[in-house]
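Participant: Sharing a structure here in structure tokens format.
A short reminder: the numbers here are calculations on the coordinates, not readings from a lab. The shown structure was predicted, so the numbers you read here are calculated from the model rather than taken from an experiment. All Cβ positions, even for glycine, are placed from backbone atoms using ideal geometry, and neighbour counts span all protein chains on display.
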Amino acid sequence: MTTKVVVLGGCGFIGRNLVTHLLDVGKYSITIVDNLSVGAPFVSDAKMIVGDIRTITQLDADVVINCAAQCGVQQSMQDPKKDMETNVGGIVNLLQLSVKHTVKRFIQLSSFAVLTNRSFYGLSKQVGELYCQMFSKIFGIETVVLRLSNVYGPYSEHKSSVIAKWVRQRKQGQPISVWGDGTQTRDFVFVGDVVETIEKAIATPLPKKHMVLPVCTGVDTMVQTVADSISNKQVVTNELPVGDGNCVVVDPLVTRELLGVGLHSLVCEKVMELI
Ligand SMILES: NC(=O)c1ccc[n+]([C@@H]2O[C@H](COP(=O)([O-])OP(=O)(O)OC[C@H]3O[C@@H](n4cnc5c(N)ncnc54)[C@H](O)[C@@H]3O)[C@@H](O)[C@H]2O)c1
């Protein structure tokens, strides 16, 4: 039988890559729900509903995948209330609806930002994780939190993350802007590896009803190394923005073992495919 999957935020960077991948796999009937605050609709065989995760009232799904979020670290520092309303209020609404409509599994995309405690974004994503845990404990719904490191790849033109910004600047013929001394690190993970992991999380049996799994490479790369591979025309700004710094290195072994995925694309090689 076809599995009914609802992808919230399916018009965004990861959501669009995910929907495209799931349609290619061909085993799923897909509905996208997105409020189009960031993402834009695209032509596909998925059903498209314009809706907001804070206010929707229906979820007809076997599996729910929540890619919708307020994703900006800097925006969260400027407007913590708005960040909380989407990243906490929105997820609580989705979890409540998932219980009401007997959704089998709820997959939440979280972030490595929960590990560094540097921003309101990290805080709201952490609270979202805790709501998944509590809903699973109280109502028995399966919740899988996929904690992503720094994702890059196609359809990320609108993002403010470093690789997306540098690829955009290089395509526009501008020098790329490097913050700080370039020694700050990221665990860059390719979106193709991320969406394969999400697909495996749809149906793979897991040892517990609530799981938190890292989605990363386990390799920290200095941003300067990636900057040099994109362009030698660079402008350096001395100060790091609030909320920035080195990444935390996490071993993705548990995710590899439980979901049987690779997560190993080489960052500089894949980045050149985007230019
Ligand atoms: N891109 C990364 O490097 C990265 C890293 C770690 C975690 N994540 C997480 O992955 C998820 C997807 O990130 P992304 O990079 O694709 O972001 P994105 O901003 O490209 O996509 C988010 C999508 O959600 C939609 N959206 C926002 N608020 C909404 C709301 N209230 N109701 C309905 N739709 C709404 C937007 O229109 C957009 O299409 C987020 O939860 C993010 O926190 C992303």
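Participant: Report yes if V103 is more than 12 Å from the ligand (Cβ to nearest atom), crowded, with 17+ Cβ neighbours inside 10 Å, outside any strand (DSSP E or B) and not hydroxyl-bearing (S, T, Y), otherwise no.
Facilitator: For V103, the condition - more than 12 Å from the ligand (Cβ to nearest atom), crowded, with 17+ Cβ neighbours inside 10 Å, outside any strand (DSSP E or B) and not hydroxyl-bearing (S, T, Y) - is met.
Participant: Test L130 against the stated conditions and say whether it is of a type in the set (A, V, I, L, M, F, W, C) and within 14 Å of the ligand (Cβ to nearest atom).
Facilitator: Answer is no for this residue.
Participant: A further question on this structure: Examine the stretch 34-46 for a residue that is near the ligand (Cβ under 9 Å from one of its atoms), of a type in the set (V, I, T) and closer than 29 Å to K165 by Cα, and state whether such a residue exists.
Facilitator: Yes, the stretch 34-46 contains at least one residue that is near the ligand (Cβ under 9 Å from one of its atoms), of a type in the set (V, I, T) and closer than 29 Å to K165 by Cα.
Participant: For residues that are buried (at least 16 other Cβ atoms within 10 Å of the Cβ), within 13 Å of the ligand (Cβ to nearest atom) and not acidic (D, E), tally how many sit in the stretch 52-66.
Facilitator: Of the residues in that region, 7 qualify.
Participant: More than 30 Å from K27 (Cβ to Cβ), within 13 Å of the ligand (Cβ to nearest atom) and in contact (Cβ under 8 Å) with a residue 24 or more places away in the chain: does that describe V219?
Facilitator: In short, no.
Participant: Could you grab the pairs with beta carbons closer than 6 Å, sequence gap of 6+ or different chains, first residue in the stretch 75-88 and touching a residue at least 12 places away in the same chain (Cβ under 8 Å) and within 18 Å of V145 (Cβ to Cβ), second one among the aliphatic types (A, V, I, L, M) and within 11 Å of the ligand (Cβ to nearest atom)?
Facilitator: N87/A69
Participant: So which residues in the stretch 67-93 are surrounded by fewer than 20 Cβ atoms within 10 Å (Cβ to Cβ), part of a loop (DSSP other than H, G, I, E, B) and under 18 Å from the mean Cα position of the chain (by Cα)?
Facilitator: G72
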